[in-house]
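Let me begin by presenting the structure, written as structure tokens, before commenting on it.
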Amino acid sequence: MYENFYGIREKPFALLPDPSFLYMSKGHSAALTLLRYSIMSRQAFSVVTGEVGSGKTTLVNQILGEMEDDITVGVISFTHQDSSELGEWVLMAFGLEYRGKSKAELYDDFINFLIREYAQGRRTILIIDEAQNMQASGLENVRMLSNVNASKEYLLHLILVGQPELREMLQQQGLRQLAQRVSAAYHLEPLSVKEAREYIDYRLQVAGATESIFSPKAKSMIAEASGGVPRVINTICDLALVYGFSAGRKIIDVRLVKNVLEDRRKMGLLGAAPLSQPGVGAV
């Protein structure tokens, strides 16, 4: 709609988790490094947590794009509190037959699958997104999947991704065995004001912008109003470009951003969180 008007190739602030637009803030860089390390060193568990819209799924997609040919990956992106069907979801993630089997058969089939992959020189990784939706019993069942190992190597590496509630769950006494197996854990904090401004510029550059489109003050206002949450930044910036295109404005200034924010507030669609610096979170 507005791409030609602003001289860009594509929408820079789409909400889809596209790794080509991944801005490597201090927090995202640290989380990605920890994930790469845990995969390379064949650890048991990795955990990445963060608020809604903080960029967790984008990080997962980045990791998926980096996977080597000797790695077999399964992804569960939909989880719920009922853990009774976990075995079916796990086999489904790896394209294995799961219909009409008992829990014992599902578990046995998966363990045999892990052994076959290992015998063929392949590593197996299971990524569970939105893991905060699982009950403690479900997470304990996930831990049981990692019990099989050969020599000094785990046959399965698990990456748990979720909202801050997942971090809190892993601190429960009943999940201490799982927590002790977590080799790498990182909690994504919101972007700082400086990072949020850089984030806006970076996504515009990736989309093909050769000149500044947002004024410095407009970027600062967006950074504050969004609470440093990337998804909220995307929403505000995208609407600001629509408003600017409609008004024939080549530069998105403070007044345009104020109009966007006011309309969002009237609809009850804008909530701000306090900005803070990214940092490592211990499980």
Failed condition for Ser220, given (1) modelled with pLDDT of 95 or more; (2) under 20 Å from Met24 (Cβ atoms); (3) hydroxyl-bearing (Ser, Thr, Tyr): (2)
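Within the bounds of the range 172-188, is there any residue that is aliphatic (A, V, I, L, M), part of a loop (DSSP other than H, G, I, E, B) and surrounded by 18 or more Cβ atoms within 10 Å (Cβ to Cβ)?
Kept after step one, since they are aliphatic (A, V, I, L, M), are these residues of the range 172-188: 175, 178-179, 182, 184-185, 188.
Filter once more, keeping what is part of a loop (DSSP other than H, G, I, E, B): none.
No, because not a single residue in the range 172-188 is aliphatic (A, V, I, L, M), part of a loop (DSSP other than H, G, I, E, B) and surrounded by 18 or more Cβ atoms within 10 Å (Cβ to Cβ).
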In the range 171-193, which residue that is touching a residue at least 40 places away in the same chain (Cβ under 8 Å) and more than 13 Å from Phe45 (Cβ to Cβ) is nearest to the chain's Cα centre (by Cα)? Leu188
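For the range 147-171, what are the residues that are in a helix (DSSP H, G or I), buried (at least 19 other Cβ atoms within 10 Å of the Cβ) and not charged (D, E, K, R)? Talk me through it step by step, then tell me what you get.
Filtering the range 147-171 down to residues in a helix (DSSP H, G or I) leaves 164-169.
If we keep only those that are buried (at least 19 other Cβ atoms within 10 Å of the Cβ) too, we end up with 166-167, 169.
Within the range 147-171, Leu166, Met169 meet the criteria.
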For the range 52-101, what are the residues that are out of contact with any helix residue (DSSP H, G or I) (no Cβ under 9 Å at 6 or more places or on another chain) and either polar (S, T, N, Q) or farther than 27 Å from Ser137 by Cα (or both)? Thr57, Glu68, Asp69, Asp70
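Do we find that Asn4 is in contact with a helix residue (DSSP H, G or I) (Cβ under 7 Å, 6 or more places away or on another chain) and of a type outside the set (Gly, Ala, Ser) in this structure? Before you say what the answer is, go through the steps one by one.
Working: in contact with a helix residue (DSSP H, G or I) (Cβ under 7 Å, 6 or more places away or on another chain): no; of a type outside the set (Gly, Ala, Ser): yes.
No.
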Where in the range 30-130 are there strands (runs of 3 or more DSSP E), lying wholly inside it, with at least 3 residues that are closer than 25 Å to Pro190 by Cβ and touching a Ser or Thr at 6+ places or on another chain (Cβ under 8 Å)? none
If we keep just the residues of the range 152-184 that are under 22 Å from Ala93 (Cβ atoms) and of a type in the set (Gly, Ala, Ser), which is modelled with the highest pLDDT? Gly162
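Please find, among Val206, Val193, Val161, Val148, the residue that is farther than 30 Å from Cys237 by Cβ and β-branched (Val, Ile, Thr).
Details: Val206 fails: farther than 30 Å from Cys237 by Cβ; Val193 fails: farther than 30 Å from Cys237 by Cβ; Val161 fails: farther than 30 Å from Cys237 by Cβ.
Val148 is the lone residue from the list that is farther than 30 Å from Cys237 by Cβ and β-branched (Val, Ile, Thr).
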Filter the range 248-267 for residues that are of a type outside the set (Lys, Arg) and exposed (fewer than 12 other Cβ atoms within 10 Å of the Cβ) and give the result. Gly248, Glu262, Met267
Would you check which residues across the range 37-70 are within 23 Å of Phe110 (Cα to Cα) and surrounded by fewer than 15 Cβ atoms within 10 Å (Cβ to Cβ) and list them? Met40, Ser41, Leu64, Met67, Glu68, Asp69, Asp70
Give Tyr202, Tyr243 a once-over and let me know the one that is farther than 26 Å from Thr49 by Cα and either crowded, with 17+ Cβ neighbours inside 10 Å or within 29 Å of the chain's Cα centre (by Cα) (or both). Tyr243
Which one of these does Ser20 not meet: (1) assigned to a helix (DSSP H, G or I); (2) surrounded by 15 or more Cβ atoms within 10 Å (Cβ to Cβ); (3) touching a helix residue (DSSP H, G or I) at 6+ places or on another chain (Cβ under 8 Å); (4) small (Gly, Ala, Ser)? (2)
Let me confirm something: among Val60, Val52, which residue is within 28 Å of Ala179 (Cα to Cα) and touching a strand residue (DSSP E or B) at 6+ places or on another chain (Cβ under 8 Å)? Val60
Whichever residue in the range 109-136 is polar (S, T, N, Q) and surrounded by fewer than 15 Cβ atoms within 10 Å (Cβ to Cβ) and, among such residues, is farthest from Met169 (Cα to Cα): Gln120
Can you find a residue that is touching a residue at least 24 places away in the same chain (Cβ under 8 Å) and assigned to a loop (DSSP other than H, G, I, E, B) anywhere in the range 194-207? yes
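The values are calculated or read from the model by the stated rules, or taken from the named source; none is laboratory data. Here the structure is a predicted model, which is why all the values come from computation and not from measurement. Neighbour counts run over all protein chains shown; Cβ positions are idealised from the backbone, glycine included.
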